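Visitor: The structure under discussion is supplied below as structure tokens; questions concerning it will follow.
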Amino acid sequence: MYRAVLTAAAAAALVIGGVSPAMAATPASRLPGAPTSVHVSGAGDAATLTWSAPRSGAAVQRWRVSIRPTTGQPGSGTDVVAANVRSERYGWIRAGVRYTFSVRAVGAKGDGRSVSVRYTAPASTTVAQSLYGLDAAGSVVRFPTTGTGTPKTVAARGDGYAADDVGNVFVPSSDGTKLLQYPAGGGAARVLATGLHLTKDLRTDVAGNVYWVDSVSGGVVKLPIGAGVPKTILPSSGTAWAVGRDGTVSTFTTAPGTSTGPTVGTVVSRTVHGTVTTRKVGLASGQPIGYFTALVADGQGSLYLDFRAFGGSGYNGFWSLAPGSSTLVPVPAKVKYRFSATNDDSLLLGQSAGWCAATSEADPFHPCTADHAVADLFTQDASGVTLDHAVTGGPKVPSNGYYPGAADSAGDLFVDADSGLWRIPAAGGAAQQLSTGQFSRLTSI
């Protein structure tokens, strides 16, 4: 997750398992030589591995890079990047943990020798997460998730923006043909890629790859970090699509569902390594669910689908779909109005004190007067464990419907209500108003 770095730190890397020029493969070898000038540097909770090309050996077609331990890393810590790439950035680097980074060249006949470096982030590393949102003027604004500190405008005309793990903000150009990057440290935007068919709904993963739906083909496109070459990774975005923090990209396509017939859909998922799976999903009983509303993902491979119930209640409820499963499982939350968000490992719901069916709300003679204020914070993690904390002074949820917010790794929920921008603490207690302004497309990184 992105953290605005408060104390930056860099450390020297120890090279292990490398080769000297005398040991490198000869030009006649059928395998690439070992990469050279392999280094790692760190700042905050991120680290960047850099390297140079081998001095000899067969042509390099790709690079295979990895990190150990793998906790929190996409693709179990291993990635394959294009031949023109010379760096790989990692988030989730924890102070005091000794990491080993490795890189090797991949040729037509096999892999070359690996070179590894070690790195330990200093215990003094101090970081803080940030909250992003679009203000009423369409500018991207950054807030500290602590609720204290001055917000900062990062980019004007940021409709459809996304932000990566170290705070770079990506914005589609007004004509959708260019992808712009606003650097985390400030300064002018630079063009990452041109000749594109962007839609105003960019997504990112923890590694910093950028995704969008091609406005012409309808496929999901990925721009790998550092490579600069967009590639269609799924031919269709379906009815809805989501990108998990682990780099898993999923699409959901609904099949016709009615109050008397099953609601069934198709989920297509692609891992960070390119493995694609297709699942027909629904209830184990085959019973109907409701009208599909939204698809969101966590960083563990779990998906959460929001459905509006059939009939006049207007109630929106979530169903979870575990990695590899085809069975939707109801999230055991209260029947309430709610704000919702996911973070690395959980679904979070800010639930109201009262609730009324939509038909009762619209009754001109006896309208419902339920309390819409958020009264508790419900969470369910990827393993199914649930928690519920009481909230006081919470903002009001507008009505029955789907109202997305954002959540940080600590479990704080951020929502845009009619009264402005609010923070609901992970442990419950008093809700905090961050701004009286209206903000959309909330993102916490």
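The values are calculated or read from the model by the stated rules, or taken from the named source; none is laboratory data. The model shown is predicted, which means the values in this text are computed figures rather than measured ones. As a convention, Cβ positions derive from the backbone with ideal geometry for all residues, glycine included, and neighbour counts pool all protein chains shown.
Visitor: What number of residues in the stretch 380-415 are touching a His at 6+ places or on another chain (Cβ under 6 Å) and surrounded by fewer than 23 Cβ atoms within 10 Å (Cβ to Cβ)?
Guide: The initial filter retains those residues of the stretch 380-415 that are touching a His at 6+ places or on another chain (Cβ under 6 Å), namely 396-397.
Applying the additional criterion that residues be surrounded by fewer than 23 Cβ atoms within 10 Å (Cβ to Cβ) yields 396.
Qualifying residue count, the stretch 380-415: 1.
Visitor: Sticking with this one: Just one of the numbered conditions (1) more than 16 Å from the chain's Cα centre (by Cα); (2) not in a loop (DSSP other than H, G, I, E, B) is not true of ALA184; which one?
Guide: Just one mismatch for ALA184, condition (2).
Visitor: State all residues of the stretch 329-355 that are of a type in the set (A, V, I, L, M, F, W, C), crowded, with 21+ Cβ neighbours inside 10 Å and over 14 Å from ALA382 (Cα atoms); if no residue qualifies, say none.
Guide: We begin by selecting, within the stretch 329-355, every residue of a type in the set (A, V, I, L, M, F, W, C); these are 329, 331, 333, 335, 339, 341, 347-349, 353, 355.
Now drop any that are not crowded, with 21+ Cβ neighbours inside 10 Å, which leaves 339, 341, 347-349, 355.
If the condition is that a residue be of a type in the set (A, V, I, L, M, F, W, C), crowded, with 21+ Cβ neighbours inside 10 Å and over 14 Å from ALA382 (Cα atoms), then PHE339, LEU349, TRP355 are the ones that fit.
Visitor: Hey, can you tell me all the residues within the stretch 70-95 that are closer than 22 Å to ILE445 by Cα and either in the same structural domain as LYS231 (by TED's automatic domain parsing) or outside any strand (DSSP E or B) (or both)?
Guide: THR70, THR71, GLY72, GLN73, PRO74, GLY75, SER76, GLY77, GLY91, TRP92, ILE93, ARG94
Visitor: Of the residues that make up the stretch 356-372, is at least one of a type in the set (A, V, I, L, M) and in contact with a helix residue (DSSP H, G or I) (Cβ under 9 Å, 6 or more places away or on another chain)?
Guide: Initially, the stretch 356-372 is screened for residues of a type in the set (A, V, I, L, M), giving 357-358, 362, 370.
Then drop every residue that is not in contact with a helix residue (DSSP H, G or I) (Cβ under 9 Å, 6 or more places away or on another chain), which leaves 370.
Looking for residues that are of a type in the set (A, V, I, L, M) and in contact with a helix residue (DSSP H, G or I) (Cβ under 9 Å, 6 or more places away or on another chain), one finds at least one in the stretch 356-372, hence yes.
Visitor: Checking PHE365 against (1) of a type in the set (Phe, Trp, Tyr); (2) touching a residue at least 60 places away in the same chain (Cβ under 8 Å); (3) part of a loop (DSSP other than H, G, I, E, B), only one condition comes out false. Which one?
Guide: (2)
Visitor: Still on this model: Going by the conditions given, is PRO54 modelled with pLDDT of 80 or more and surrounded by 16 or more Cβ atoms within 10 Å (Cβ to Cβ)? Spell out how you get there, then give the answer.
Guide: Values: modelled with pLDDT of 80 or more: yes; surrounded by 16 or more Cβ atoms within 10 Å (Cβ to Cβ): yes.
Judged against the criteria, PRO54 is a match.
Visitor: While we're looking at this one, here's another question. Looking only at the stretch 417-443, count how many residues are crowded, with 22+ Cβ neighbours inside 10 Å, among the β-branched types (Val, Ile, Thr) and part of a loop (DSSP other than H, G, I, E, B).
Guide: Summing the residues that are crowded, with 22+ Cβ neighbours inside 10 Å, among the β-branched types (Val, Ile, Thr) and part of a loop (DSSP other than H, G, I, E, B) in the stretch 417-443 gives 0.
Visitor: A further question on this structure: Go through (1) at pLDDT 95 or above; (2) within 20 Å of ASP135 (Cβ to Cβ) for GLY394 and report which single condition fails.
Guide: The single condition GLY394 does not satisfy is (2).
Visitor: Continuing with this model, one more query. Give me a count of the residues in the stretch 222-241 that are assigned to a strand (DSSP E or B) and either surrounded by 22 or more Cβ atoms within 10 Å (Cβ to Cβ) or polar (S, T, N, Q) (or both). If you could, list the steps in order and put the result at the bottom.
Guide: From the stretch 222-241, those assigned to a strand (DSSP E or B) are 222-223, 231-234, 238, 240-241; that's our starting set.
In the following step, the residues that additionally are either surrounded by 22 or more Cβ atoms within 10 Å (Cβ to Cβ) or polar (S, T, N, Q) (or both) were identified as 222-223, 232, 241.
Counting residues in the stretch 222-241 that are assigned to a strand (DSSP E or B) and either surrounded by 22 or more Cβ atoms within 10 Å (Cβ to Cβ) or polar (S, T, N, Q) (or both) gives 4.
Visitor: Further, regarding this structure: Let me spell it out: the conditions are (1) within 28 Å of SER130 (Cβ to Cβ); (2) in a loop (DSSP other than H, G, I, E, B); (3) not assigned by TED's automatic domain parsing to the domain that holds ASP412, and GLY324 meets all of them except one. Which number is the exception?
Guide: If we test GLY324 against (1) within 28 Å of SER130 (Cβ to Cβ); (2) in a loop (DSSP other than H, G, I, E, B); (3) not assigned by TED's automatic domain parsing to the domain that holds ASP412, just (1) comes out false.
Visitor: When the residues of the stretch 350-383 are filtered to those that are modelled with pLDDT of 95 or more and among the polar types (S, T, N, Q), which remaining residue is farthest from GLY394 (Cα to Cα)?
Guide: Filtering the stretch 350-383 for residues that are modelled with pLDDT of 95 or more and among the polar types (S, T, N, Q), the one farthest from GLY394 (Cα to Cα) comes out as GLN380.
Visitor: I'd like the residue in the stretch 297-319 that is surrounded by fewer than 21 Cβ atoms within 10 Å (Cβ to Cβ) and within 17 Å of the chain's Cα centre (by Cα) and, out of all such residues, is farthest from ALA242 (Cα to Cα).
Guide: GLN300
Visitor: On to the next question. For residues in the stretch 131-183 being buried (at least 19 other Cβ atoms within 10 Å of the Cβ) and at pLDDT below 90, which is nearest to SER435 (Cα to Cα)?
Guide: Result: THR145.
Visitor: A follow-up question, please. Consider VAL97 against the criteria (1) farther than 22 Å from ALA410 by Cα; (2) of a type in the set (Val, Ile, Thr); (3) without any contact (Cβ under 8 Å) to a residue 40 or more places away in the chain: it satisfies all of them except one. Which criterion is unmet?
Guide: Result: VAL97 fails condition (1) only.
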